[in-house]
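One structure below.
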Amino acid sequence: GLIIGIFLTLINYFTSIFFSSFVVNALIMITWIIVTGALHLDGFADTVDGFCGGETREERLKIMRDGSIGAKGVTALFCLLALKFTLLMEITSQYKYQALLFTPVVGRWTIVIGMFLAPYARKEGMAMPFIKHKDNRQLLWASLITLIIGLFLFKFISLGITGLAFGATFILTGYFKRKIEGITGDTVGALNEIIEVFTLLVIRCFSY
């Protein structure tokens, strides 16, 4: 997450010399997608399709495994990216670099938390090795690293940011468990994307 954040801050720094904030934030969004391979965005779209299209747990999991994307997934994906872009435009320059560095960190920290809060919903899948080999040390180190980075960037405001992100993660994983009795690689991706947008929203509120 921190490595991704460094890429984003570099793009913000160098492109802001030549372009307007609108172009700069568009380039940040494109870089964000390229660096992550759109992996979590794909999971987000699949999760929306599955949860909106399936009536039972089995139907939802089947739809989520389908390689194609539906209208609801496309619409949700557009809304997510539009909201992320708008929040980047809204965050003041005073907090812009901190937001770009910290947001990917928080997103991936909540993935670790989500894996401890919910079981894996499938018998096999992309996220299975991560959940199968998880232990408390990984949760401890992920939380400690996030805390240190947050305190360095935002001082004690970071406690509010991470606290709200943890609460949102708890609610989301509970929702996933109710829908499919656990989590999958797709819902892990969805969790990351939703928490990233949520983190930007919280930072935007703290920055005014």
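The values are calculated or read from the model by the stated rules, or taken from the named source; none is laboratory data. What you are looking at is a predicted structure, and each value in this text was computed from that prediction instead of being measured. Positions of Cβ are backbone-derived with ideal geometry, glycine not excepted, and every protein chain shown enters the neighbour counts. Side chains included, ligands, DNA and RNA excluded: accessible areas come from the protein's heavy atoms. Shrake-Rupley method; radii C 1.70, N 1.55, O 1.52, S 1.80 Å.
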Filter segment 1-36 for residues that are over 18 Å from Q94 (Cα atoms) and among the aliphatic types (A, V, I, L, M) and give the result.
-> L2, I3, I4, V23, A26, L27, M29, I30, I33, I34, V35
Mind listing just one residue for me: the one in segment 45-59 that is of a type outside the set (S, T, Y) and surrounded by fewer than 23 Cβ atoms within 10 Å (Cβ to Cβ) and, of those, modelled with the lowest pLDDT?
-> G54
Being open to solvent by 30 Å² or more (accessible area, probe 1.4 Å) and touching a Lys or Arg at 6+ places or on another chain (Cβ under 7 Å) is the filter here, so list the residues in segment 160-198 that pass it.
-> K179, E181
Can you give me the ranges of the helices (runs of 4 or more DSSP H) entirely in segment 38-139 with at least 3 residues that are among the basic types (K, R)?
-> 57-65
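Could you tell me how many of the residues in segment 5-41 are β-branched (V, I, T), over 19 Å from F102 (Cα atoms) and either touching a residue at least 40 places away in the same chain (Cβ under 8 Å) or open to solvent by less than 60 Å² (accessible area, probe 1.4 Å) (or both)? It would help to see each step written out before you state the result.
Filtering segment 5-41 down to residues β-branched (V, I, T) leaves 6, 9, 11, 15, 17, 23-24, 28, 30-31, 33-36.
So of that shortlist, the ones also over 19 Å from F102 (Cα atoms) come out as 15, 17, 23.
With the extra rule that they be either touching a residue at least 40 places away in the same chain (Cβ under 8 Å) or open to solvent by less than 60 Å² (accessible area, probe 1.4 Å) (or both), the set shrinks to 15, 23.
Going through segment 5-41 one residue at a time, the tally reaches 2.
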Test I17 against the stated conditions and say whether it is within 21 Å of I194 (Cα to Cα) and outside any helix (DSSP H, G or I).
-> no
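Yes or no, residue by residue, for (1) open to solvent by 70 Å² or more (accessible area, probe 1.4 Å); (2) out of contact with any Leu (no Cβ under 6 Å at 6 or more places or on another chain); (3) over 20 Å from W32 (Cα atoms):
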position: A76; (1), (2), (3): no, yes, no
position: K84; (1), (2), (3): no, yes, no
position: L87; (1), (2), (3): no, no, no
position: S93; (1), (2), (3): yes, yes, no
position: Q98; (1), (2), (3): no, no, no
position: T146; (1), (2), (3): no, yes, no
Which of the residues spanning segment 27-66 are over 15 Å from the mean Cα position of the chain (by Cα) and closer than 14 Å to F78 by Cα?
-> I30, D49
Please state which of the following conditions L201 fails to meet, knowing it meets all the rest: (1) at pLDDT below 95; (2) open to solvent by 70 Å² or more (accessible area, probe 1.4 Å).
-> (1)
Is one or more of the residues making up segment 152-159 at pLDDT 95 or above, open to solvent by less than 20 Å² (accessible area, probe 1.4 Å) and in a helix (DSSP H, G or I)?
-> no
